[in-house]
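First comes the structure, then the notes that go with it.
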Amino acid sequence: MARHLVSESRPVPTAAEWRAAMGAFPTGVTVVTSWAGDAPVGSTINAFCSVSLDPPMLLICLDLANPIRPAVEASGVFGVNFLAEENGQAAARHFAIDPETDRFAAYGYTAASGGAPWLDIAPVFVDCAVENILVAGDHIVVVGRGLRVEHTPEAQPLLYHRGRFPKLRSEP
């Protein structure tokens, strides 16, 4: 296997090198939702992970320029909607488009009182309260406390790897 090494004369990887390396790690695809006043807002992200079981906590990373960032900070709540392989590609692309577009015009949702919007197509949803926000380079890291979780265990997750949505292979 050929390895591509960064030159020792360059101590920090370029953005392109970093993106290529990070793209080699397959991730799940989510839509993070929140509220801008009374209006639902959402954005596709894949920078997400579980942090703690007790108490239940997770983190998301949002680009400082992401239009959902001010809504998450102001409302103090966000939801993580896991997308499914079966029907999630269109939603992933839709929630990644121009922020001026009404992203919820094409997708239904529900919300518990005080909670974030849960997309009707999301087989897994985690409703969170913001616990902590850390600025990290050109992103913020938002740590959230899980308030509610909903899930459909049989759904296959939508994956993102090397700039595309690969299909999961069936077990033999």
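Put simply, when 128-136, 59-67 are sorted by average Cβ atoms within 10 angstrom per residue, most first, you get 59-67, 128-136.
Taking amide H positions as modeled 1.01 Å from N, with prolines and chain starts lacking one, the residues under 5 Å from Ala96 and 5 or more places away or on another chain are Thr44. Peptides 25-32, 105-112, ordered by how many other C-beta atoms sit within 10 Å of their residues on average, highest first, read 25-32, 105-112. Fewest neighbouring Cβ atoms within 10 Å first, the residues Val41, Val124 line up as Val124, Val41.
Counting every other Cβ atom within 10 Å of each residue's Cβ, Arg148, Arg103, Arg69, Arg19 order from fewest to most as Arg19, Arg148, Arg69, Arg103. Its relative contact order, with pairs defined as Cα atoms under 8 Å and 6+ residues apart, puts the chain at 26 percent. Remark on the chain: Rg and Dmax equal 17.0, 55 Å (Cα only).
A short reminder: the numbers here are calculations on the coordinates, not readings from a lab. Quick caveat, the model's predicted, so the values are computed rather than measured. Because the Cβ atoms are built from the backbone with ideal geometry, glycine has one as well, and the counts that use them run over all protein chains shown.
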